[in-house]
Amino acid sequence: MTVQQNLPSSAAPVAKRPRFNGPIAKNLFWKLMAFALLCAISAAVLFPALWMLSTALKADTQVYANPPIWIPDPLRFDNFSKAWSLAPFTRYAINTALYAVAVVVGTVLSSSLAAYGFAKLRFPGRDLMFGILLATMMIPGMVTLIPQYILFSRLHWVGTYLPLIVPSFFAGAFFTFLLRQFFMGIPNEYSEAARVDGASDFWIWSRVVMPLSKPALATVAIFTFEGAWDSYVGPLLYLNDERLYTLQVGLQFFRTATAVQWQYLMAAALLVMLPVIILFFTFQRYFVEGASVSGGVKG
């Protein structure tokens, strides 16, 4: 009796397991390392904010507990309303908003005018003057603090908002540079066509260049508003009337010679942060577009 066995003529191919080596493995390794590094940096950046939130929700007895209590029980959400009512923060908020808006208007107008001159006008010594302007960015602000105070004191401006607002109407180097880079990316054909029709430089600046520069102007406005809203040294130095205080100076209400009300201080600080955070996320698209375009155009 013959037994027949049907054997395959050729063995079926066996699928090979992928081997993670060579360039692919190295690329994956560096991506994981970059991801881990970014996670560590994000945690380090967010840690102070989380600590502030935890402290703002604590009772007075939990603030100095050892070991620290990260998740308070119970959560004291009423600390926010108490912190706002313990000092005239509504007045401080109005003062800060008016001051910040005035600084934004002055900075946008003066910086855009100066940037237009350096970007679109031809005059002797233009590049030299622009270089000198950029060189002033290397001078620390604290170096000019005392001379400025002496000047404003002799002008009898101390005790008013004038020392804080008037300098914004004299173009700063950084925002002039940022807007100049953006303006240089606008084709000159637009301004030349307007000049053919008899338009002046002021008309071209206001009707042609400014409408085309909304992303860069939004970037300048956000940066300026944030700087004015968070300003502490200037208002502390020049404002000697409590009715004129800004929010940053008003936060010192919770610090006394004997103790610090940390739960109220952190709650008020979080409330002060909210407008800037909301502003940034609302205009984030314009901010990113303006910063990237201004930085990418070569002058």
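The values are calculated or read from the model by the stated rules, or taken from the named source; none is laboratory data. Keep in mind that this is a model prediction, so the values were computed, not measured. Cβ sites come from the backbone with ideal geometry, for glycine too, and all protein chains shown count toward neighbours.
Conditions (1) in contact with a helix residue (DSSP H, G or I) (Cβ under 8 Å, 6 or more places away or on another chain); (2) among the β-branched types (Val, Ile, Thr); (3) surrounded by 10 or more Cβ atoms within 10 Å (Cβ to Cβ), marked per residue:
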{"site": "Ala114", "(1), (2), (3)": "yes, no, yes"}
{"site": "Met138", "(1), (2), (3)": "no, no, no"}
{"site": "Val143", "(1), (2), (3)": "no, yes, no"}
{"site": "His156", "(1), (2), (3)": "no, no, no"}
{"site": "Tyr161", "(1), (2), (3)": "yes, no, yes"}
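Identify, please: which residue in the range 65-102 is in contact (Cβ under 8 Å) with a residue 24 or more places away in the chain and of a type in the set (D, E, K, R) and is, among those, nearest to Leu265 (Cα to Cα)? Going through the qualifying residues, I end up with Lys82.
Selection within the range 279-299: residues that are exposed (fewer than 15 other Cβ atoms within 10 Å of the Cβ), at pLDDT 75 or above and not basic (Lys, Arg). The member of this set that is nearest to Ala119 (Cα to Cα) is Gln284.
Residue by residue, here is whether (1) outside the structural domain of Asp230 (by TED's automatic domain parsing); (2) modelled with pLDDT of 90 or more; (3) within 28 Å of the chain's Cα centre (by Cα); (4) of a type outside the set (A, V, I, L, M) holds:
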| residue | (1), (2), (3), (4) |
| --- | --- |
| Ala15 | yes, no, no, no |
| Trp30 | yes, no, no, yes |
| Phe47 | yes, yes, yes, yes |
| Pro68 | yes, no, no, yes |
| Phe89 | no, yes, yes, yes |
| Thr107 | no, yes, yes, yes |
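Answer yes or no: is there a residue in the range 179-201 that is over 19 Å from Arg122 (Cα atoms) and exposed (fewer than 14 other Cβ atoms within 10 Å of the Cβ). Spell out how you get there, then give the answer.
Going residue by residue through the range 179-201, those that are over 19 Å from Arg122 (Cα atoms) are 197.
Cutting the leftovers down to exposed (fewer than 14 other Cβ atoms within 10 Å of the Cβ) gives us 197.
For the range 179-201, residues over 19 Å from Arg122 (Cα atoms) and exposed (fewer than 14 other Cβ atoms within 10 Å of the Cβ): present.
For the range 54-75, a tally of residues being under 19 Å from Leu251 (Cβ atoms) and of a type in the set (D, E, K, R) returns 2.
Rundown of residues vs (1) crowded, with 18+ Cβ neighbours inside 10 Å; (2) more than 20 Å from the chain's Cα centre (by Cα); (3) part of a helix (DSSP H, G or I), yes/no style:
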residue	(1), (2), (3)
Asn240	no, yes, no
Phe253	yes, yes, yes
Gln263	yes, yes, yes
Met273	no, no, yes
Ile277	no, no, yes
